[in-house]
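Reviewing the structure listed below.
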Amino acid sequence: MNWEFDFLYFLQSLHNPVLDKIMVTVTTLGDAGLIWILIAVALIFTKKYRKCGVNMALALIIMLVVGNGILKNIFMRERPCWIDESVELLVKTPHDYSFPSGHTYSSIAAAIVILLRNRKAGMAAMVLAVLIAFSRMYLFVHFPTDVLASLFLGVITAVVAYALTNRYYEGLAGKLLERKRAKT
């Protein structure tokens, strides 16, 4: 754990008014996965991107159950800001456990889904997701291993959600084709 605090303290040495404001704004975008939920809902309401929106929603639901519902309560890892209260936080002190990082997990899961569905949009989503992940360490509310594990979990969750969504849509397409054949 010493290397993790060393890294977090190094990030504290980078603080300046401009970067502080950027990191607080970036992390706020990831609060409760709201930016990703809004994008998923918007995509669901557009016929062309509905499959991506459904896929994102599924990934976010899996993340909520696995990350916040199960893993946080199994590991019950204290946050760095709980252990070293001398570091002045730029955001409110979180009250849930540190592992995994919900901001990182949801951001990476959603961004990977977008990347799998649309490479160009996915690259932009990945930039935002990585910035959100970094902001959690910069703001001293997550350890590096919380973020790294959440990156890994986000990728796995996105791939699983992608496969499940494809399977659902393939099954749905098959049923619609059967109905069409039955009518003719």
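Just so you know, all these numbers are worked out from the coordinates, no wet-lab data involved. Keep in mind that what you see is a predicted model, and the values were worked out from it rather than measured. All Cβ positions, even for glycine, are placed from backbone atoms using ideal geometry, and neighbour counts span all protein chains on display.
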Practice task
Sort largest first and round to whole Å: the equivalent ellipsoid semi-axes of the chain, each the square root of five times a Cα gyration tensor eigenvalue.
Solution key: 37, 17, 12
Exercise for the section: Name the residue, out of Ser101, Ser13, Ser150, whose mean-square fluctuation peaks in a Gaussian network model built on the chain with Cα pairs under 10 Å. Expected result: Ser13
Problem - Simple Cβ-charge dipole of segment 44-184, Lys/Arg +1 and Asp/Glu -1, about Cα centre, in debye nearest 20 - result: 1440
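Using packing as a proxy for protection, rank 88-98, 25-35 so that the peptide with the highest average count of other Cβ atoms within 10 Å comes first.
So the peptides 88-98, 25-35, ranked by packing, come out 25-35, 88-98.
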Exercise for the section: Could you sort 137-143, 127-133, 81-87, 116-122 so that the peptide with the highest average Cβ count within 10 Å comes first and the rest follow in order? Expected result: 137-143, 127-133, 116-122, 81-87
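Below 8 Å, C-alpha to C-alpha, sequence gap of six or more: please give me the relative contact order for segment 84-142 in percent.
Working: 45 pairs, mean separation 24.7, N = 59.
Relative contact order comes out at 42 percent.
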Fill in the blank from the handout: Mean separation of Cα contacts under 8 Å (at least 6 apart) over the residue count of the chain, i.e. the relative contact order in percent, is 28
Exercise for the section: Pick out, from Leu64, Ala42, Met76, the residue whose Cα sits farthest towards the positive end of the charge dipole of segment 23-82, with +1 on the Cβ of Lys and Arg and -1 on the Cβ of Asp and Glu. Expected result: Ala42
